[in-house]
Amino acid sequence: MNHRIHQALSVAAALLAFAVAACTNLTLEPKSTATDANIFSDPGTYKAFIARVYAGLAVSGQQGPAGNADIRGIDEGFSQYLRLFWEHEELPTDEAIIGWGDVGLPEMNTQQWAVSNGFVGAMYYRIYFQVGMANEFLRQTTDAKLDSRGNVGAALRADIKQYRAEARFLRALSYWHGIDMFGDIPLITEADLVGVVPQPSTRTNVYDFIVSELNAIIPDLPPPGLGTYGRASAPAAQMLLAHAYLNASVYTGTAHYAEALTAAQAVIAGPYSIDPSYRHLFLADNNTSPEIIFPVIQDGVHTQTWGGVTFLVHASCGGSMRDTTYGISGCWWGLRLKPEAFNRYASGDQRAASFFRGTAPDTQSVAIPQVGTFTDRSNRRWITSTRCGSARMAIRVR
Amino acid sequence: MSVRRDGSSRFGPANQWGTFPAFSLGWRLSQESFLQGLHGLSDLKLRVGYGKTGNQSFGNYQQFAKYVLGDAQTQMQFGNTFVTTVRPGAYNPFIQWEGTNAFDVGLDYGFGGQRVTGAIDWYNKQTSGLIFTVPVCAGCGLSNFNQQNIGKMRNRGIELSLNAALLDQRKTSGLSWNASFTAAHNKNEMLQIYASQGVTRVLTGLVAGGVGTFIQVLQPGQPINSFYMLQQKYDAQGKPIQGSYVDQPTVKDTVACPASPTCGGPGRLYRPDGVINQDDRRPFHDPAPKWILGHSSYLTYRNFDVSFTLRAYLGNWVYNNVASNLGTYSEVTRASPYNLHASVLNTGFTTPQYLSDYYVEDASFLRLDNITAGYSFNYRGQPMRITGTVQNVFTITGYSGVDPTAGLNGLDNNIYPRSRTFTGGLSVKF
């Protein structure tokens, strides 16, 4: 009996010792979950990651057109970068107006947004989502990290060098949107740890950062004409630089027009020209346009979102416009051209023809007496852009 | 008395280990000589307990960025190929144990040969390192939400219970009645938001319908998840006026202002700023019940038996999100109209007023959760029993939504009434 107790005790002690030994090592990295500790054992991850930094401008999550969203607290389709950017650039101006009543949107039309506005907040978070992605990419691709992984050959290293320049370009692009729309914003780089509250910075500081970053990466980006479609090239960085310099007096109080000119001339010297057909810029084959320097590519099959061009095309269709005419599966009855913009065209100006007026008796008026009244067909007071019809659209670096 | 030391790989590298001591002390007063003379008293025990517990009930591997592959519809075009993307998720290398220090004083009692028993408890629990998934500052992480140790909170309360055999005449008249009563009172208070959060309050409670509209708050001095609302103004008929809210005194003057219409009051340092905005929101009630009362009874009379359970919550407030989201005429004028909520007949709102405290309602209730009646008998020598049960018999409440208990954490988005279930049964023993 005594012997058996001893036996049981020693077995228990052995088990306990094993248990203690097994469970105190908490630094084990997860094996079953893809994390930064294991995913880079696949060298293809670097390309997939930089593609994701680009995708931050084009999609809203990891499932298309919606699902597994990048940012939360707002409808995922509403949160898409290009959609928010377009709304912030256009709705407060005399160009466009949106007819939906979602909380925060009517205030965009009338320039009455407050700090609690969900759309303005989402734009801000989108910018810092892009900054965060780019920073994480840069943290994961330092020479020290690449050396420690031991599976990065010379060819991949050269690719990664260019990827890093592209991540910095995309970060500079979003920072430029940030200082343009929000003024003084925090400057967060790959040197700042995740989880630490950032220190406030100034518009001037962030501007200086954008300029120095762009100047630093231009040598690492493909020269004019040698870039890959969809990816940043040296002229794209030059164009962004020109935009930043052009507005330097607003951002910092000091004008830099000469530098803006130099940067713009560097772009003009490249293989770009004004597209002879303005309309071509808005068609599905606009990848052949000579005017586009940096596109945010959308694709009906591979790159789906409720934002981006899907939003621009569907939302600007309504009234007596027919969705089938524009090759889309439904009008969203949202965006309308303001009369102030339409009336800028002198009578006879060809460009006015690109806006939908309808044909009798289904004409639509230029005036918009009621922003939200889309059901009022009998009055036909609706006008919109014929920019519908392209399944893909590119923005020029503007 | 015990001490345990736990490690969890869910936490950040520097914060994986926690030490959790506990002790308890009991004193059976009823066995002391000075209480021996009391004949009615059958049991009396004083308990004192202290314990620290750790909570790690949240997702794994918070210290690592989890990488999620994109699907075939979120690819990026590089040249003529489409690249599948991969996204690192939000991570928090600093996350640590949420710990609760609990102190409890209790008294167990019994009278009349344990015919009446019960307990009285008073507790004080302080939780530090409270883990919440909260909006984080832009640029603090890889998304705009993350799990964080945000602050400290305290729960204090008393719990009372009483079990009694009120009637026991099985052998004489055949009647017996056992009943139990419970009452619990809790007071919750957020004590502190850590300075590392960079904010003085954290918004929670995302409502349906709004575009990122949060209507609850974690704010020191207030119960957690207090509603954070604008104070609605009403007209002479008692109808809420759309977009009209009380301008709270938020501007601090250097000297107490004299009595004047623009002043918050004579001698007050704060006055309204004349603008209704985010600053005019104030904590307004909270979803946790102040009192939870319970009663269950078991009655028998010869071969008949009846049992039921009653439950009441007092002082639990609910945000009626169904009303705030759909109780507006804009629901019928938009491109795809939807059914209106009846509250629009009272409010007449033409646009949603998500932040109005009109929608925060007292959802106190009394509910008969279930009642069962049974009859036991013998048929041709076989013991048999017939039963009938009703679940969710009735609810008495002043709440305007369909179910005062539907609001998860105080947000009610439920449009289906709780079902009432009738069950009949016959059991036969062979």
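Per-structure values
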read-out	value
Simple label model, 7 Å out from Cα along Cβ direction - B:W291 to B:L426, nm	4.5 nm
Sites B:Y338 and B:N277, calculated FRET efficiency, Cβ-Cβ separation with R0 35 Å, nearest 0.05	0.75
Theoretical FRET efficiency, 1/(1+(r/R0)^6), r = Cβ-Cβ of B:R380 and B:S180, R0 45 Å, to 0.05	0.75
Formal net charge of residues neighbouring B:K233 (Cβ-Cβ distance under 11 Å; K, R +1; D, E -1)	-2
Where a label projected 7 Å from the Cα of B:Y270 along Cα→Cβ would reach, residues of region B:285-323 with amide N under 19 Å	B:285-286
Inter-label distance, nm, simple model (7 Å from Cα along the C-beta direction), A:N205/A:A191	1.2 nm
Nearest-0.05 FRET efficiency for A:S273 and A:D159, computed from C-beta distance (R0 30 Å)	0.50
Two-site label geometry, B:Y416 and A:L226: point separation in nm, points 7 Å out along Cα→Cβ	6.4 nm
Peptide A:196-202 - average C-beta neighbours from other chains (10 Å radius)	3
Sequence-distant residues sharing a close amide H with A:I293 (under 5 Å, placed H)	A:V397
Phi-based couplings in Hz for region B:377-383 (Karplus 6.51, -1.76, 1.60; Gly and Pro marked x)	7, 10, 10, 6, x, 8, x
Helix-only [θ]222 nm of chain B, DSSP H runs n ≥ 4, -39500 (n - 2.57) each, per residue, nearest 500	-500 deg cm²/dmol
Per-residue mean of C-beta atoms belonging to partner chains within 10 Å, peptide A:51-64	6
Table column - 3J(HN,Hα) (Hz), region A:209-216, Karplus curve with 6.51, -1.76, 1.60, x for Gly and Pro	5, 4, 5, 5, 4, 5, 4, 6
Per residue accessible area in Å² of the protein assembly as shown, where ligands, DNA and RNA are left out and the probe is 1.4 Å	48 Å²
Summed residue charge, Cβ within 11 Å of B:N188's Cβ, Lys/Arg positive, Asp/Glu negative	+3
Karplus 3J(HN,Hα) series, Hz, for region B:309-321 with 6.51 cos²θ - 1.76 cosθ + 1.60 (x for Gly, Pro)	10, 10, 9, 9, 10, 10, x, 9, 9, 10, 8, 7, 6
Set of lysines near A:K47 by C-alpha distance (under 29 Å), chain-local residues within fewer than 8 positions excluded	A:K31, A:K145, A:K161, B:K66
Interface area, B with A, accessible, probe 1.4 Å, both sides summed, Å² nearest 100	5200 Å²
Formal net charge of residues neighbouring A:A66 (Cβ-Cβ distance under 9 Å; K, R +1; D, E -1)	-2
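The values are calculated or read from the model by the stated rules, or taken from the named source; none is laboratory data. None of the values given here were measured: they were computed from a predicted structure. Here the Cβ is made from the backbone with ideal geometry for all residues, glycine too, and neighbour counts use every protein chain on show. Side chains included, ligands, DNA and RNA excluded: accessible areas come from the protein's heavy atoms. Shrake-Rupley method; radii C 1.70, N 1.55, O 1.52, S 1.80 Å.
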